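In what follows, a structure is listed as structure tokens, so that the remarks can point back to it.
The values are calculated or read from the model by the stated rules, or taken from the named source; none is laboratory data. Predicted model, so just to flag it, every value in this text is computed and none were measured. No Cβ is skipped: glycine too gets one built from the backbone with ideal geometry, and neighbour counts run over all protein chains shown. Remember, those area values only see protein heavy atoms, side chains included, never the ligands or the DNA or RNA. Shrake-Rupley method; radii C 1.70, N 1.55, O 1.52, S 1.80 Å.
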Amino acid sequence: MQICIRQTVRLLLLVAACAGLLRAQGAPPAAPIHVKVVVVTMFERGEDTGDAPGEYQLWVEREHLDRVLPLAAGYHHVRLNKDGVLGILTGVGTAKAAASVMAVGLDPRFDLSKAYWIIAGIGGGDPADVSLGSAVWANHVIDADLAYEIDAREIPADWPTGYVPLRRTTPYEQPVRSELEGELYTLNPDLVSWAFRLTQNVSLADSDGLRAMRARFAGYPNALKPPFVTQGDTMSGSTFWHGAKMDEWANAWTRYYTGGQGNYMIAGMEDTGTLQALTFLSQAGRADLRRVLVLRTVSNYDRQPPGVTAAESLKGLTTGYSGYMQALEAAETVGDKVVRDLVEHWSERESTIPH
């Protein structure tokens, strides 16, 4: 009798399990979340909220990115608000950025086909073009890593730098290769110009400390200005470089790859990794590369002030950036004006890219 009872119980459990499986298989999959804007940040100093901020925290708090969604395949969980704004934290460096953005882009929970992407981070600015706390909307993103390099102690006397373009034998050798391998990304010029016009009069945070640091750059009129919003080009590389000679190289490298049309203004680390992932996702129909913006804000200068060596200047950066908090504020304040416009005019922005 006990054997029969056990067999009956097992049979009932098996039937229940099969019925549950059939119901699960027959249930329609959950509809993906239609994302309007993705805000991409790169580093955070601690928690997402409530402590000393990195690039992510101000967005989380002010955009009310309250819904936390795990992202096992990425660096950090993602956050969503009720308006369809998704915030992601990629981790530092091009490799983490590419991997994290790809993880989000391939996640079936999200429909990103109409989403706008705003890459918002801080960086080192060229004092010839920008001041501390300023914001730069990128026309081009140039890669600083893809190159040949000879140690500076061994370069020929007539070479201006030890960096040589891939597949070339001398610095800045012409012609520039027609088929590049990630050295240059050109953003949608109409969208960039629209974002700049929308935000060019945004008031940016200043301080006595910034004014004192700017005053050290006598002979650089733009470096002496209060923070402002502009358009220019950014350089992306995982090596944190610094100094007047490297600044000269960054400007020349930018002119080389943009056919003389670009103007290097600010350096970051992750943007080429993010843009490479978005390029692949766009090819797969998972994102739209025409809807991508890069905003970098100036936390420090990329070279030493007059009368100081590059090594002395770099040593000062290891203890903190003079424009750190103002740059974080500028990234969120300027970027959020674009986010709010996209969300509030979504009935138009979904189908028509601003120009």
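Some values worked out for this structure:
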read-out	value
For region 87-215: relative contact order, % (alpha-carbon pairs under 8 angstrom, 6 or more apart)	22
Residue-averaged 222 nm ellipticity for the chain, from DSSP H runs of 4+ at -39500 (n - 2.57), nearest 500	-10500 deg cm²/dmol
Alpha carbon centroid spacing (whole Å) that separates region 234-248 from region 87-113	25
Against the rule of thumb 2.2 N^0.38 Å, how large the Cα Rg of the chain comes out	1.18
Mean Cβ neighbour count within 10 Å, used as a protection proxy, ranking 275-286, 136-147, 293-304 highest first	293-304, 136-147, 275-286
Hz values of 3J(HN,Hα) by residue in region 215-220 - Karplus curve (6.51, -1.76, 1.60), Gly and Pro given as x	4, 6, 9, 4, x, 10
Under-5 Å amide H pairs with Gln231, H placed in peptide plane, nonlocal only	Trp137
Amide H within-cut-off set for His34, under 5 Å, with H built and near neighbours excluded	Asp111
Check: the chain dipole with +1 on Lys, Arg Cβ and -1 on Asp, Glu Cβ, in debye	1000
Semi-axis lengths, Å, region 194-259, gyration tensor of Cα atoms, sqrt of 5 times eigenvalues	24, 20, 11
3J(HN,Hα) from dihedral phi, region 194-204, Karplus parametrisation 6.51/-1.76/1.60, rounded to Hz, x for glycine, proline	4, 4, 5, 4, 5, 10, 5, 9, 5, 7, 10
Share, in percent, of DSSP beta bridges within the chain that are antiparallel, nearest 5	30
Volume in Å³ per residue [convex hull over Cα atoms, computed for region 84-125]	90
Hydrodynamic radius by Kirkwood, which averages 1/r over all alpha carbon pairs of region 106-193, in angstrom	16.8
Residue-by-residue Karplus 3J(HN,Hα) for region 281-295, coefficients 6.51, -1.76, 1.60, Hz, glycine and proline x	5, 5, 4, 8, x, 8, 8, 10, 5, 6, 10, 10, 10, 10, 10
Ordering of 331-338, 265-272, 172-179, 39-46 by burial proxy (mean other Cβ atoms within 10 Å per residue, highest first)	265-272, 331-338, 39-46, 172-179
GNM result for the chain, Cα springs below 10 Å: residue of Ala218, Ala205, Ala287 fluctuating most strongly	Ala218
Relative contact order (%) - the chain, alpha-carbon pairs under 8 angstrom, separation at least six	24
Ranked packing of 91-102, 73-84, 150-161, most packed first, by mean Cβ within 10 Å	91-102, 73-84, 150-161
Surface per residue (accessible, 1.4 Å probe) for the chain, Å²	47
